[in-house]
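The values are calculated or read from the model by the stated rules, or taken from the named source; none is laboratory data. Since this is a predicted model, take the numbers as computed values, not measurements. Note that we place each Cβ from the backbone using ideal geometry, even for glycine, and neighbour counts take in every protein chain shown. Remember, those area values only see protein heavy atoms, side chains included, never the ligands or the DNA or RNA. Shrake-Rupley method; radii C 1.70, N 1.55, O 1.52, S 1.80 Å.
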Amino acid sequence: MSSSWSVEVETKAPAAAIFKATFIDWHNLGPKLIPEVISGVTLISGDGSPGSIRQINFTPGAPFSFVKERLEFIDHEKLELKLSVVEGGHLGIKIESATSHIKVEKKGHGSIVKVTATYKAIAGVDVAEDIKKAKEGFINSVKAVEAYLAANPGSYA
C-alpha cells in the first residue's frame, strides 16, 4: 500500500529563483550550501530533461551514502517537477518505491515550495522517523537556498 507525506515551505525568495536554485542547479548549489550533508551531486545520464538521472552523495553522518533520482517530469513555466528514486537511499531496505512531486508557487514577493512524497514501505518496516528526517531535510534545503538568494540578490533571476 502506498502512503504519502507533504510539506510546504514559505520563502521570501521569488518563485522562479527558488525553483532554479533548489531544483535545476542543485548539483552546483547543494554541496556549497549544506556541505555537512551533501558531499556532491553528479549528473549520471541525460541533460536535465525528463529521463535524466542524478546521484546525490551524502556525508558519512547521513543515514545512507547516496541516492539516484530520475527526473520524470518538469515544467519550467509552472515551476513544477516530479522525481523518482531509482537506486540508493532506503530503496530495497525500507521502501519499495518513492516519488516526489514539487511545485513552487508565487506568494506576494516570495513563494511557497510544496512537496508531496509518495512511497511504498516494505511490509513491517516503520518509516516514521525517516519521514520526519526527510521533511526536515527538505525544509532545511529550501531555507538554505532562501538565505543564499537573500545574500546574492539577482542570482538565479
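Taking a ≥ b ≥ c as the square roots of the Cα gyration tensor eigenvalues, with a/c under 1.5 meaning rounded and otherwise prolate when a/b beats b/c, else oblate, which class fits the stretch 45-113? All intermediate terms of the calculation are to be shown ahead of the outcome.
On the way: a/c = 2.19, a/b = 1.64, b/c = 1.34.
Note, shape of the stretch 45-113 comes out prolate.
If one takes the longest principal axis of the Cα atoms in the chain, at what angle in degrees, from 0 to 90 and to the nearest 10, does the Cα axis of helix 128-151 lie?
Once rounded, the angle reads 20 degrees.
Given the DSSP H assignment, sum -39500 (n - 2.57) over each helix run of at least 4 residues in the chain and divide by its residue total; what's the result at 222 nm in deg cm²/dmol, nearest 500?
Working: 3 runs with 37 residues, N = 157.
Roughly -7500 deg cm²/dmol at 222 nm, from the helical runs in the chain.
Give, as ranges by residue number, the residues of the stretch 12-40 whose backbone N falls under 19 Å from the point 7 Å along Cα→Cβ of Glu77.
Zone members listed by number: 15-17, 19-20.
For the chain, calculate the relative contact order in percent as a whole number, restricting contacts to Cα pairs under 8 Å that are 6 or more residues apart.
On the way: 310 pairs, mean separation 45.6, N = 157.
That works out to 29 percent.
Of the labelled options (1) 25, 17, 16; (2) 61, 15, 10; (3) 35, 22, 13, which one gives semi-axes √(5λ) of the Cα gyration tensor in Å as computed for this structure?
Computed from these coordinates, semi-axes √(5λ) of the Cα gyration tensor in Å corresponds to label (1).
On full extension of the chain, what length is gained from Glu87 through Ser155, given 0.36 nm per residue of separation minus the C-alpha to C-alpha distance?
Values: separation 68, 0.36 × 68 = 24.48 nm, distance 3.20 nm.
Difference between extended and current length: 21.3 nm.
At most 12 other C-beta atoms within 10 Å and a DSSP loop state: those are the exposed GluC sites (Glu not before Pro) I care about. Give me the longest piece of the chain that has none. Numbers along the way, then the final one.
Working: sites that count: Glu36, Glu77.
The reported range is 78-157.
Take the alpha carbon atoms of the stretch 85-153, find their center, do the same for the stretch 1-29, and report the distance between the two centers in whole angstrom.
8
Taking a probe of 1.4 Å, how large is the accessible area per residue of the chain, in Å²? If you can, show how the numbers build up before the last one.
Details: 8470 Å² over 157 residues.
Per residue, the chain has an accessible area of 54 Å².
What distance in nm lies between label points placed 7 Å from Cα along the C-beta direction at Ser3 and Lys114?
About 2.3 nm separates the two model spin labels.
Suppose R0 equals 30 Å; then what is the FRET efficiency for Ala147 and Ala123 from their Cβ-Cβ distance, rounded to the nearest 0.05?
Numbers: r = 41 Å, r/R0 = 1.35.
The calculated FRET efficiency here is 0.15.
Would you mind telling me the share, in percent, of accessible area of the stretch 17-118 contributed by carbon and sulfur at probe 1.4 angstrom?
Working: 2810 of 5140 Å².
Percent of accessible area from carbon and sulfur atoms in the stretch 17-118: 55.
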